[in-house]
1. Points 7 angstrom from Cα along the Cβ direction at residue 203 and residue 256: gap in nanometres?
2. Near the amide H of residue 76, under 5 Å away, which other amide H atoms are found, from residues 5 or more places off or on another chain, if H is placed in the peptide plane?
3. Counting only protein heavy atoms and a 1.4 Å probe, tell me what percentage of the stretch 211-309's accessible area is made up of carbon and sulfur.
4. Once the other residues with Cβ under 10 Å from the Cβ of residue 89 are scored (Lys, Arg +1; Asp, Glu -1), what is the net sum?
5. Between residue 298 and residue 272, what FRET efficiency comes out of the Förster formula 1/(1 + (r/R0)^6) with R0 = 25 Å and r the beta carbon distance, rounded to 0.05?
6. Find how much the distance from residue 60 to residue 235 grows on full extension, using 0.36 nm per residue of separation minus their present alpha carbon separation; answer in nm with one decimal.
7. Using a simple spin-label model with points 7 Å from Cα along the Cα→Cβ vector, what separation in nm is obtained for residue 324 and residue 37?
8. Could you list which residues have their amide H under 5 Å from that of residue 93, counting only those 5 or more apart in sequence or on another chain, with H placed in the peptide plane?
Amino acid sequence: MKRFFGYILLAVSLLALPGCDGSHFKVSADLEGLNNENVRVVFVGDSGLTDVWMPAREGKLRFKGASAERTLLTLLNKDGAVMAMMAVANGETLKLTGHVKSPSEWKVEGSEVNERWWQFKKENAALYAARDAKLDAAIERYAEQNPADELSAFLLLCDYGSLPQNAARVGKLVSKLAPEARPAALLQALDEVLVTTRQAKMKLSALLLYNRAKKDFVSLDLLKRVSLLYLWTNRQPDRPDHVRLLRDLWEKSGGNVHIADINTEADTTMWQSTLLADSSRWQHYWAPGGPQDMALRIVNLTSTPLYIVTDSLGNQVYRGADARQACQAAEQLLPVAK
């Protein structure tokens, strides 16, 4: 039953694009006090799994994604804690407002099921604060009285307080719901998302990879310095543009950002020639096992290009495909010059 409690980590792809039509959904979050902090999102939808970090702009996030089937949006803060969850599907436009320190008072508009979900939370605010057996009992009562309501599934799988200990019990309750109240598309994505979110939250200390300069396997140490990992394949057509941004960061930081690019293909035929064309001075690594290499399994590579920025303690502060955002995240970790 582990796949059921993984629901809480399903999320939406963040793409700052205007407008919304029947092939996308749109979400805007305006949270006072969020400032310019990074927010992490994970989304399993029409294009598969996306896992990215994005910076808020003065407390505002604007994004849209695509999911023909009902899925769940989750915002996580820089410490990996869940900030908010909303159910989304193509054609919907949702708006989240409030103060970052008062989530129980946040307001969600634009979707009937979400409005009822947040109303349930407000009506049971004391139970949510305690998150004990009383909250679970209230959720169970709602689910038993409303077996055809999709909100019943969201409450059981997202808000049930004693998961994962009572996963078997929750699984039985979910199985009693009408099929329309528990979309199959969500259940199929749970295992993948659960693994991804757990690994993306974990600290990274070292990766065993082949180093081009040393012509041997070395431990890529990610502690005691700001590091930027760039995982790529030979088939990435816009690599020159990404390399230019990395070169600017390298020069601007005076080498204080540890940049390491990692080729993720088992075949090295094009690897050497591509690096010669780059004329880059940072470290170059290769994962000989390709996508199944142990190092890539540790970082949970799901698509390329992938950027991971870590602080001096190995905490992942950015994870995504945007080179510019990755470079900005790395710069923000450097000490301010006096």
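The values are calculated or read from the model by the stated rules, or taken from the named source; none is laboratory data. Everything numeric here is computed off the predicted structure, so don't read it as measured data. Methodologically, a virtual Cβ is constructed for each residue, glycine included, from the backbone with ideal geometry; neighbour enumeration extends over all protein chains shown. Ligands, DNA and RNA are stripped out before the accessible areas are found, and what is left, the full protein with its side chains, is counted by its heavy atoms. Shrake-Rupley method; radii C 1.70, N 1.55, O 1.52, S 1.80 Å.
1. 2.2
2. Amide H to amide H, under 5 Å and 5 or more residues apart or across chains, residue 76 pairs with 40, 83.
3. 51
4. -1
5. 0.50
6. Once the chain is fully extended between residue 60 and residue 235, it gains 59.5 nm.
7. That separation, rounded to one decimal, is 2.5 nm.
8. Amide H neighbours of residue 93, under 5 Å, 5+ apart: 26.
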